[in-house]
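Report on the following structure.
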Amino acid sequence: MDTVFLVWRRNDGYKALVRAFQLHFRQKNYDGIMDAETAAILYALLEKYFPGK
């Protein structure tokens, strides 16, 4: 497979993952971009369910 295609597929999958997370936890903006608010929600959830890790 072409390297460019593999990178595109990886980025496309990552964006879909972030978008699904945003749809569930932050419905006001679900563009699939990992911004500061999305990261803060993710870290808060990690701290809540996996404290000290």
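The values are calculated or read from the model by the stated rules, or taken from the named source; none is laboratory data. Owing to the predicted nature of the structure, the values given are computational and were not obtained by experimental measurement. Because the Cβ atoms are built from the backbone with ideal geometry, glycine has one as well, and the counts that use them run over all protein chains shown.
Looking at the structure I just gave you, is MET34 of a type in the set (A, V, I, L, M), outside any helix (DSSP H, G or I), surrounded by 12 or more Cβ atoms within 10 Å (Cβ to Cβ) and at pLDDT below 95?
yes
Every residue, every condition in (1) assigned to a helix (DSSP H, G or I); (2) modelled with pLDDT of 90 or more; (3) not small (Gly, Ala, Ser), yes or no:
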site	(1), (2), (3)
MET1	no, no, yes
ARG10	yes, no, yes
GLY13	yes, no, no
LEU46	yes, yes, yes
